[in-house]
Amino acid sequence: MVSAPPKPHRSSGKVPSSRERSLVPVGMATILPHAAKQVRRLEEQLLAQVNKWGYDEIILPTFEYLDVLAPGLESELIEHCYQFVDRTTGRTLLLRPDATAQIARTVAMGLTGATLPLRLSYRTSVFRYEQEHAGRGREIFQVGAELIGLDDVTSDSEVIGLMIECLRTIGLQSFKVSLGHVGFIKGLLMQSGLSAQGQKLAEQAAARKDLPRLEEILASERISRGAARAIREAPELYGQEEVLARGRILAAGNLALAAPLERLAQVYQLLCAAGHRDSLLLDLGEFRGFDYYDGVVFDVFAEGMGAELGGGGRYDHLIGRFGRPLPSTGFGLDVDRLFRTVEFPEEESVLARVDYLVAAPRRASRRLTAVVTELRRTRSRVVQQTMKGSDAALVSAAVAAGLAQQAAAVVVVGAPGTGHDEVLLVESLAAHRRGGRTGHLNRLSKKKMGLADLVASARRSRRQVKERS
């Protein structure tokens, strides 16, 4: 699938010049300050929501030993990993290609004494070699959550419900979560008479929704018309409750097919009861790309984005590959795609606002440092600047610098007429910006005040901001 381009009214934050492209490896990107602020805010909002549901953040290593992580990775993914040699041991290392496999390894080998169930969250990047025109980068920013140690419909519905709430938290309005169960389509393939290779190829085609390729695979092997018809139909079975009814007809009393359908139906009903019906879509052909998924799976899509924003599912056998069988389920969200989908308020498209710009002539640099130090203790965002030129131009130059740096106020140290323990405070810069560049400083409020009073005022402002938030 090809990712949609950034919307024209807002920069993606990635440097577009040919010079930048020549300096940064293909598939990597520099995220500029205004976009970085928005990306970090997205991540913090997602992690805050996950934390409310009782998930604890885990920080994963950027690279691992290939032979240690390999049990949790399929061979095709290993081929797309960035690999290099450990200079100390000579063993092969790989950059993190999948956070879920790392968490599975960690739980099996490093959290053996932890009380179950485990609820873990993460904010990380994964690295995969993708073709240059594959529609996504080679470093993928993710936020995700994993619920480990439970195997029931409530745990399935918990992680899906959490993902939905995460998307609503960041302001995503129009999205659909596609729900399926890999056991249904796998069951159809296993009982069809396809060879092992044919099943694998059919799984890959089903995961991509590549119906022409699926038709080729079915035509290349000798299977019954009924089995081929059921396999063809499954990827096209998506919608609401009527999908389950048709699926039960295809199952025709076969327990291997009926059990996944019943599990999926129960999860769907729980999510509907939680108020998520309008965000759900049942898809009996849903088949996520990683082969460790073995139960209810899901993807999330949004209008205008031609690829999934994230997804996940149940992987009851993955942790067992590392020696400790534990049922598990989880999800991951693609932060870059979310960034390009979510609408940001217009005022947030500029650099982060500065609370105070503190300016002083060079002769007052020591005093400047003292004032800045006191203001920063109030947890205000403060920048400092020494000014050149005459005393007469000091205030004008400081205000110009404050406007340029989006400051809420300017503090001038060493201005004419101020004593050692006094500063000149220039406020109402926001109103000045809205009114255009008038060049008349008398339209801005200016007052002399003691440093102690300035610090007290800053603390009050910070307290008011905290109360409003």
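Scanning the stretch 355-398 for residues that are farther than 15 Å from L424 by Cα, out of contact with any Phe, Trp or Tyr (no Cβ under 8 Å at 6 or more places or on another chain) and among the basic types (K, R) turns up R362, R363, R366, R376, R377, R379, K388. For the subset of the stretch 94-124 comprising residues that are surrounded by fewer than 16 Cβ atoms within 10 Å (Cβ to Cβ) and among the hydroxyl-bearing types (S, T, Y), which member is nearest to I59 (Cα to Cα)? Out of the qualifying residues, it is T112.
Screening the stretch 371-399 for residues that are among the hydrophobic types (A, V, I, L, M, F, W, C) and loosely packed, with under 14 Cβ neighbours inside 10 Å and picking the one that is modelled with the highest pLDDT gives A393. For the stretch 256-306, the set of residues classified as of a type in the set (S, T, N, Q) and within 22 Å of R337 (Cβ to Cβ) consists of S279 only.
Highlighted here are the helices (runs of 4 or more DSSP H) found entirely within the stretch 207-279 that include at least 3 residues which are in contact with a strand residue (DSSP E or B) (Cβ under 6 Å, 6 or more places away or on another chain), at pLDDT 90 or above and in the same structural domain as F175 (by TED's automatic domain parsing): 255-273. Comparison of L179, L189 shows that the only residue that is at pLDDT below 95 and not in a loop (DSSP other than H, G, I, E, B) is L189. Scanning the stretch 26-46 for residues being surrounded by 18 or more Cβ atoms within 10 Å (Cβ to Cβ) and under 30 Å from I148 (Cβ atoms) gives a total of 3.
With respect to (1) within 30 Å of L66 (Cα to Cα); (2) basic (K, R); (3) not in a loop (DSSP other than H, G, I, E, B), the lone exception for R324 is condition (3).
Let's see how each residue does on (1) assigned to a helix (DSSP H, G or I); (2) under 22 Å from A458 (Cα atoms); (3) of a type outside the set (S, T, Y):
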| residue | (1), (2), (3) |
| --- | --- |
| V383 | no, yes, yes |
| T386 | no, yes, no |
| G389 | no, no, yes |
| A393 | yes, no, yes |
| S396 | yes, no, no |
| A400 | yes, yes, yes |
| L403 | yes, yes, yes |
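The values are calculated or read from the model by the stated rules, or taken from the named source; none is laboratory data. Note that the structure is a prediction, hence the values are computed from the model and not measured. When we count neighbours, we look across all protein chains shown, and the Cβ atoms used for this are built from the backbone with ideal geometry, even at glycine.
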